Structures are given as structure tokens and as C-alpha cells.
Amino acid sequence: MTNMALRELASLEKYLGLKKPNKYSTQGDKKVPVLQNNNGPPLVGLVTIACHLVKEAQRPELLGDSAESRAVVQQWLEYSVTKLNSCTKEDSKTVLKDLNVYLQDKVYLAGNQITLADILMYYGIHPLILDLTIQEKEQYVNVTRWFDHIQHYPSIRHHLPVIVVLRNRIYTSRHH
Amino acid sequence: MKLFISEGNPHCLKVLSALGVTGVQCDVQCVNHEERVVPFLSRPAVPALLLPNGLYLFSSNAICRYLFEVNGQESSELCNQWLEWEATDLQPALLQALHMAVLQGKGSEVSKVLQSPLNFLDQSLGKGNTPYLTGEAVSVADIVLWAALYPVLSESSLALGEGKSMKAWFDRIAAMHSCQSAAQKVLQGKGLQGMKSYMQRQPAPHSNQCRETQPCNSN
């Protein structure tokens, strides 16, 4: 099977509109992505490489537009590479529950615009959302609302299938 | 801005050291391990930093990075790489090691668990040939890794830290006054035993990581 992290990086490159394809390899048992960098030593790690690509594409706003939002972006990037790896059902429930509360009054994970945190969290949480029943999707309604927003964002989805997360009921209830 | 910490929590050693090294002004409040500081998390998460904009940071690495950035030291790509390694590779091994040493009395087996990340750190420091991880000056990566490793490397009974380059690096940072006083404040001079009540409240570590084996329905 193709390495998930490498597919996420390839999709990110397309989203960023990077023309020159980068060369990647992996290292270790966990198949950590490695970017062969012409101008220096190789870069190791999904988050590190993703931040590098954002800089290469000259889209610094994707890393946050203030020291505070940059810290929040980094926090969710770390969360997505550490917490979403765990495979117990209990752990994924906690992730969904906490994100659901966090996203209650938010459109994006950090600040008022899309950031790299939304993109990598979307890639990382995709398998969890795929496993949810319709009832569970309603239970985590803030997460699924955020997820649906990000998956329909122009050119982010690429390697992943669209997941139908919202039932019509939610739309019709708006028109009372 | 307000920083919440608890005694005996190794992640608090990171943020207190970073606070001391950067000299950023911030209220510090000591809470107990059960305190739910961050409203949206179902498990207690300390340390936590309440930002001026009302948002909470609950990742110790993100807090340290923020303190350094506020102090005018933005983290470099090499710094980013060390911080990611610390969170994804070192922490799972450390959690397992501390679980063994603090709760199970299996201190003699700790070196097996930590050998690979410690070797990696020692070799990188040896190859880099600079006093600190990312160059000639201390960076957020040094503080985070030093604090993460302090509980195990300062415990001579665990017999770790034979790597020459790592030992020199570790002692260089341990000599900084801010780091010493942070260690005293968090561990109270009690070493590993100072972490017992914190470790008892942590979920038992599961060693297998299986992102790659998760079912993937595309293609």
C-alpha cells in the first residue's frame, strides 16, 4: 500500500500549486517521510515537510497570521500526527468528542481562515469519519460540519473519496 | 497570559524552562493533576497556556515554541524537525520508560526502550559538531528535548546517557540557571519518585502505532 503520509504530501503539493515535484523517501519502521532537499540536508517528518512546502509556495498565511495563531496551528499539527495514529476505538472517540466541543463556535481550527492545520487534520481524520455511522455523524455534528467544509474546499481532497456527512434533515431544519 | 502547571509533570518542566530562558512575563498557577483547565478537552491537560486572545494552548511543545517566538526567536526548519521527532518518536518511548521506572519498578529495563532514540540523538549531536541541536545558540528544540529527557537522564540508577556528545549537550543545558530552577520546582528534588502521582493518572502506554495499517478504502 502506498504510504499515507506521502500521499498527503502529494495532495498538499497540488493544493499549493507547486509545479516542480519533490523527491520523497521514507525511513524507519513507521515509514516517516523524508524530503530530499537540494539546498541542504534532507527534511524528516510529515509536519516539518508540510510547513516547508507552505513556505516554498509562499503561502505563509497557511501557518497562521500572528504568533498566537501560529502556535495554535502548530498545536493542531502536532495533535494530528500524534493522536490520530492511535488505533483504539476509545482514542478516536476522545478525539472526535474533544474536536466537536472545540469546533462548536469555530469555522476553522485556527483563526478565521483555512490553515495547514485544517488540511492535515482533514487528511488524518478521514479514516475516522469514514467509519462513523449516520447517528455518530450527527453526534459529532461540529466535526462533520467542519469536515464537509474542508473536503469541498477547492483542490484539497485529491487522493481521498468524498464522504457524505450531512443528512438532508440538517438543511431542511434551517428553512423553518 | 497565564500558564497552568502541576508538580511532577515532566511536560511542565519544558514550559517552565522555556519561560525562564526566554524571560517572557507570564502568571504561573500551580493546579492539581485532575484540574480541567482547557474547557474543550475531556481529559485534564496540563501544562496549558491561556493566550491573550482567550484561546488555550495545551501542547507543551506549542507553548515553548510560542514563548520563544514572542521573545523574537522563531523556530527554524531544523527546530521544527526536532520538535516533531520529540512528539512522535521520543515521547511514546519516554512514556513507556517512565511507566516502567516509576510505576513498575523495572528501572533496569528502561535502557532497552530508550536505546534507539538516545543513540539517534547522540549521533546527530556528534555529526552536527555544534554545542546545541540547531547550531551555536540554544533554541526551543534544546529546551524541549532537554526537559523531556531530564527525568531519565538525571537518574543515575537508570544508567542511561553513555553517549559522549549527548552527555556534553545535556550538561551544557543543565548548567543554565533557568533550567535548574525549573527542574527543582517540578520534581522537588525527588527524582523519579516526584513523578509518581502524575504517572498514576496517565493511561498505560500502548507501544504499537498503526497509522500505516489502518484500513484505507481509497484505491
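The values are calculated or read from the model by the stated rules, or taken from the named source; none is laboratory data. Note that the structure is predicted; figures quoted are calculated from it, not measured. We place every Cβ from the backbone using ideal geometry, glycine too, and count neighbours over all the protein chains shown. Note: areas computed on protein heavy atoms with side chains; ligands, DNA, RNA excluded. Shrake-Rupley method; radii C 1.70, N 1.55, O 1.52, S 1.80 Å.
Please average, across the residues of B:115-126, the number of beta carbons from any other chain that are within 10 Å of each residue's own beta carbon, and give a whole number. Mind dumping the intermediate values first?
Details: counts 0, 1, 0, 0, 0, 1, 0, 0, 0, 0, 0, 0.
Per residue, the number of nearby Cβ atoms from other chains is 0 on average.
If you take each beta carbon of peptide A:71-84 and count the beta carbons of other chains within 10 angstrom, what is the mean? Let's see the in-between values first.
Working: counts 14, 8, 1, 12, 12, 2, 5, 10, 4, 0, 4, 8, 0, 2.
Per-residue shielding by partner chains comes out at 6.
Please list 3J(HN,Hα) in residue order for segment A:37-53, calculated via the Karplus relation 6.51 cos²θ - 1.76 cosθ + 1.60 where θ = phi - 60°; whole Hz, with x for glycine and proline.
So the Karplus estimates, Gly and Pro as x, are 9, 5, 8, x, x, x, 9, 10, x, 4, 5, 4, 5, 4, 5, 5, 4 Hz.
Out of the total accessible area of segment B:86-179 (probe 1.4 Å, heavy atoms of protein only), what percent is carbon and sulfur? Mind showing how you got there, number by number?
Details: 1960 of 4090 Å².
Looking at segment B:86-179 in its full context, I get 48 percent from C and S.
Explain nothing, just compute: Karplus ³J(HN,Hα) = 6.51 cos²θ - 1.76 cosθ + 1.60, θ = phi - 60°, for every residue of segment A:123-139 in order, whole Hz, x for Gly and Pro.
Taking θ as phi minus 60°, the curve returns 4, x, 8, 3, x, 5, 5, 4, 7, 6, 7, 4, 5, 5, 4, 6, 5 Hz for segment A:123-139.
So, with +1 on the Cβ of K and R and -1 on the Cβ of D and E, and no other charges, what is the size of the charge dipole of chain B about its Cα centre, to the nearest 20 debye? Don't jump to the answer; show the numbers that get you there.
Values: 16 positive and 18 negative charges, 101 e Å.
Using only the charged Cβ atoms, the result is roughly 480 debye.
Cβ neighbours within 10 Å, averaged per peptide: list B:61-70, A:95-104 in order, most packed at the top. Walk me through the numbers before you get to the answer.
Values: B:61-70: 25.5, A:95-104: 18.4.
Result, highest mean first: B:61-70, A:95-104.
Across peptide A:4-14, what mean number of C-beta atoms from other chains lies inside 10 Å of a residue's C-beta? Don't skip to the answer; put the middle values down first.
Values: counts 4, 2, 0, 3, 0, 0, 0, 0, 0, 0, 0.
Mean shielding count: 1.
On each of the three principal axes of the Cα atoms of segment B:1-113, give max minus min coordinate, whole Å, ordered largest first.
Taking the Cα atoms of segment B:1-113, the three principal extents are 44, 35, 25 Å.
At 1.4 Å probe size, put B:SER108, B:SER154, B:SER124 in order of accessible surface, largest to smallest. Working shown, then result.
On the way: B:SER108 105, B:SER154 55, B:SER124 30 Å².
Greatest to least solvent exposure: B:SER108, B:SER154, B:SER124.
Does chain B come out rounded, prolate or oblate, given a ≥ b ≥ c as the square roots of the eigenvalues of its C-alpha gyration tensor, rounded meaning a/c under 1.5 and, failing that, prolate meaning a/b above b/c?
Details: a/c = 1.17, a/b = 1.07, b/c = 1.10.
Note, shape of chain B comes out rounded.
What number of lysine-lysine pairs in segment A:43-176 show an alpha-carbon separation below 14 angstrom, given a sequence spacing of 8 or more or placement on distinct chains? Numbers along the way, then the final one.
Working: A:LYS83/A:LYS93; A:LYS83/A:LYS97; A:LYS89/A:LYS97; A:LYS93/A:LYS137; A:LYS97/A:LYS137.
For segment A:43-176, qualifying lysine pairs total 5.
Checking an interface number: how much accessible area is buried between B and A, summed over both chains, with a 1.4 Å probe, in Å² rounded to 100? Don't skip to the answer; put the middle values down first.
Working: alone 11630 and 10260 Å², together 18110 Å².
When B and A are taken together, about 3800 Å² of accessible area is lost.
Across the protein assembly as shown, how large is the tail of the calculated P(r) beyond 30 Å, expressed as a percent of all Cα pairs? Numbers along the way, then the final one.
Values: 31159 of 77815 pairs.
Value for the protein assembly as shown (Cα pairs over 30 Å): 40 percent.
Quick one: accessible area per residue over segment A:1-153, 1.4 Å probe, rounded to a whole number of Å²?
On the way: 6610 Å² over 153 residues.
Accessible surface, normalised per residue, equals 43 Å².
Based on the alpha-carbon set only, what is the convex hull volume of segment A:3-152 divided per residue, in Å³? Display every interim value, and only then the final one.
Numbers: hull volume 17.3 nm³, N = 150.
Taking only Cα atoms, segment A:3-152 has a hull volume of 115 Å³ per residue.
Roughly how much of A:HIS152 is accessible, in Å² to the nearest 10, using a 1.4 Å probe?
Its accessible surface works out to 110 Å², give or take rounding.
Which order do the peptides A:15-24, A:133-142, A:115-124, B:42-51 take when ranked by the mean count of other beta-carbon atoms within 10 Å per residue, highest first? Don't skip to the end; give the middle numbers.
Numbers: A:15-24: 13.0, A:133-142: 14.7, A:115-124: 24.9, B:42-51: 20.0.
Per-residue mean Cβ counts within 10 Å order the peptides as A:115-124, B:42-51, A:133-142, A:15-24.
Rounded to a whole number, what % of the accessible area of segment A:3-152 do carbon and sulfur atoms account for, probe 1.4 Å? Mind dumping the intermediate values first?
On the way: 3230 of 6320 Å².
The C+S portion of the solvent-accessible surface of segment A:3-152 is 51 percent.
Mind checking the full-extension length gain between B:HIS33 and B:GLN115? Use 0.36 nm per residue of separation minus the Cα-Cα distance, one decimal, nm.
Working it through step by step, the gained length comes to 26.6 nm.
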